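Visitor: After the structure tokens below, expect a handful of questions from me.
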Amino acid sequence: MSSPVWHPFTQHGLGEPIPLVSHAEGAALYTGDGRRFIDAISSWWVTTHGHGNPRIAAAIADQAARLDQIVFAGWTHEPAEALARALVEMLPAPLAHVFFSDSGSTSVEVALKMALGFWAHRGEGRHRILVMEHSYHGDTIGAMSVGARGVFNRPYAPLLFDVGTIPYPAAGREQATLDALEAACAASPAPAAFIVEPLILGAGGMLVYPPRILAEMRAVCARHGVLFIADEVMTGWGRTGTFTACEQAGVVPDIMCLSKGLTGGVIPLAVTLATPAIFDAHFSEDRGRMFFHSSSYTANPIACAAANANIAIWHDEPVLERIADLGARQQARLERIAALPAVRSPRRLGTIAAFDIADGEGSYLSAIAPRLMAFCRDRSILLRPLGNTVYVMPPYCIDDADLDAVYAALTAFVEDGAA
Ligand code: PLP
């Protein structure tokens with residue numbers, strides 16, 4: 001009998017095999033039929049320290065037995081309080097207020113609502129959002145609205161709200177981005193906020209840009225009083241080599257979104273951090289000005305306990321050293337594969353290595369993606385190219401043998417399969 005499960009980003013009509021994973025450890029996934037797969041994409045960019053981390057697993061078990069769930073409107077619990085305190089300590093001032101949600105997309109929805117609420121409560125009807133070309137911020141309606149339009153969201157286009165799009169700062173065209181942002185910020189009516197993926201646009205094709213441009217974009221927004229939202233959902237928790245990507249540019253946003261690696265990639269949780277100015281705009285004795293957003297599981301205690309265990313790992317273990325080491329090991333392998341004639345634009349930021357395969361077509365539906373995915377699956381590797389863009393984003397604990405196996409498969413594909 002076929003499964004009733006409807007999978008995300010999966011065309012069931014193609015009848016491709018769907019491996020059934022029974023357990024995981026470190027950078028390895030084990031399937032019911034006894035195979036061992038290398039998780040080369042950190043299970044959709046979430047797994048940081050590795051699967052089955054014993055400290056996070058123990059924290060979850062302990063918390064589940066103690067307090068599993070409690071409404072978070074008007075109630076609180078120590079795992080959430082401790083987590084909020086720790087995040088405020090780890091992130092730069094003035095990011096002093098922590099709002100919980102449960103996915104990257106919802107953290108973005110919250111960020112947008114905070115920004116619009118800020119302006120509404122100040123009596124300024126600013127509601128236009130500026131975005132960067134090729135961005136991806138999630139799959140809910142608001143998050144799709146601030147993301148690139150295309151195959152991901154074409155059927156829903158009539159529902160998506162209008163935004164101002166700033167060109168991606170491709171090498172040599174950075175000034176055009178800054179000029180466009182300057183003009184958009186100065187336009188009337190004034191925009192409410194600019195949302196960006198700092199230093200690297202993930203789903204848009206692992207497109208990188210320099211910290212200097214991030215800093216200059218932040219400065220343009222500050223000059224015009226336009227709120228700056230950093231979506232660190234993918235980039236946070238060390239992915240780009242530092243705890244956050246903003247850190248590399250010395251940028252402090254007005255609003256920051258974190259998810260994925262917040263719990264070490266073990267259980268869903270997200271936070272949206274905001275400055276006192278944004279919190280204070282909602283602070284009043286008027287109940288009509290409270291922040292109207294929640295979900296049933298807001299700040300679930302078990303998820304918060306997992307995040308606290310993750311933060312303890314960051315404090316006690318040499319996580320940044322592991323990240324730097326993985327970056328160097330990725331770089332060495334990327335340089336070797338970059339020598340192949342079909343490889344274009346090799347690039348690396350922290351633990352993320354990416355390149356494009358020349359195919360004359362750059363779209364997400366490029367025929368290369370399903371072929372490469374199947375090629376890797378046959379070699380016991382989990383990899384999901386973005387069109388003709390290949391990226392390797394493994395858990396920080398991956399060893400040399402597994403990394404070599406991933407690059408050997410990619411080399412074989414580029415040399416033979418892409419032909
Ligand atoms: N923002 C960015 C930058 C992302 O990369 C993603 C997911 O990949 C999201 C938001 C959405 O996160 P989620 O899939 O947890 O909703």
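Visitor: Give, as residue ranges, the strands (runs of 3 or more DSSP E) completely inside the stretch 7-53 that count at least 2 residues that are free of Cβ contacts under 8 Å to residues at least 60 places away in the same chain. First the steps, then the outcome.
Guide: Working: elements: 21-25, 28-31, 36-39.
Where strands (runs of 3 or more DSSP E) fall fully within the stretch 7-53 and carry at least 2 residues being free of Cβ contacts under 8 Å to residues at least 60 places away in the same chain, they are 21-25, 28-31.
Visitor: Go through (1) of a type in the set (A, V, I, L, M); (2) within 28 Å of TYR396 (Cα to Cα); (3) not assigned by TED's automatic domain parsing to the domain that holds ILE381 for VAL46 and report which single condition fails.
Guide: For VAL46, the exception is condition (3).
Visitor: For the stretch 157-176, which residues satisfy the criterion of being assigned to a loop (DSSP other than H, G, I, E, B) and either out of contact with any Phe, Trp or Tyr (no Cβ under 9 Å at 6 or more places or on another chain) or within 16 Å of the ligand (Cβ to nearest atom) (or both)? Full working, then the answer.
Guide: Kept after step one, since they are assigned to a loop (DSSP other than H, G, I, E, B), are these residues of the stretch 157-176: 160-163, 167-173.
LEU160, PHE161, ASP162, VAL163, PRO167, TYR168, GLY172, ARG173, listed by residue number.
Visitor: Inside the stretch 177-215, can you point out the residues that are in contact (Cβ under 8 Å) with a residue 24 or more places away in the chain, away from the ligand (no atom under 16 Å from the Cβ) and open to solvent by 30 Å² or more (accessible area, probe 1.4 Å)?
Guide: Hits for the stretch 177-215 are GLU182, ALA186, PRO189, ALA190, PRO210, PRO211, ARG212, ALA215.
Visitor: Just to be sure before I move on: is ILE368 in contact (Cβ under 8 Å) with a residue 40 or more places away in the chain and within 23 Å of the chain's Cα centre (by Cα) in the structure I sent?
Guide: Here the answer is no, as ILE368 does not meet what is asked.
Visitor: I need the full set of residues from the stretch 150-159 which are open to solvent by 20 Å² or more (accessible area, probe 1.4 Å) and without any contact (Cβ under 8 Å) to a residue 60 or more places away in the chain, in order please.
Guide: Those that are open to solvent by 20 Å² or more (accessible area, probe 1.4 Å) and without any contact (Cβ under 8 Å) to a residue 60 or more places away in the chain: ARG154, PRO155, TYR156, ALA157, PRO158, LEU159.
Visitor: Here is a check on your reading of the model: is ARG149 among the basic types (Lys, Arg), assigned to a loop (DSSP other than H, G, I, E, B) and over 19 Å from the mean Cα position of the chain (by Cα)?
Guide: no
Visitor: Here is a further query. Among the residues of the stretch 81-93, is any of a type in the set (Lys, Arg), more than 16 Å from the ligand (Cβ to nearest atom), open to solvent by 50 Å² or more (accessible area, probe 1.4 Å) and within 30 Å of HIS23 (Cα to Cα)?
Guide: no
Visitor: Can you tell me which of GLY125, GLY138, GLY142, GLY74 is in a loop (DSSP other than H, G, I, E, B) and within 16 Å of the ligand (Cβ to nearest atom)?
Guide: Criteria check complete, one pass: GLY138.
Visitor: So which residues in the stretch 252-305 are more than 16 Å from the ligand (Cβ to nearest atom), closer than 22 Å to ILE129 by Cα, buried (at least 24 other Cβ atoms within 10 Å of the Cβ) and aliphatic (A, V, I, L, M)?
Guide: Matches in the stretch 252-305: ALA274, ILE278.
Visitor: Is it the case that ALA57 is in a helix (DSSP H, G or I), without any contact (Cβ under 8 Å) to a residue 40 or more places away in the chain, under 23 Å from ALA307 (Cβ atoms) and of a type in the set (A, V, I, L, M)? So that I can check it myself, show each step before the final result.
Guide: Values: in a helix (DSSP H, G or I): yes; without any contact (Cβ under 8 Å) to a residue 40 or more places away in the chain: no; under 23 Å from ALA307 (Cβ atoms): yes; of a type in the set (A, V, I, L, M): yes.
No; evaluated as a whole, the condition is false for this residue.
The values are calculated or read from the model by the stated rules, or taken from the named source; none is laboratory data. Keep in mind the model is a prediction, meaning the values are calculated, not measured. Backbone-built Cβ (ideal geometry, glycine too); neighbour counts: all protein chains shown. Heads up: the accessible areas ignore ligands, DNA and RNA and are worked out on the full protein's heavy atoms, side chains in. Shrake-Rupley method; radii C 1.70, N 1.55, O 1.52, S 1.80 Å.
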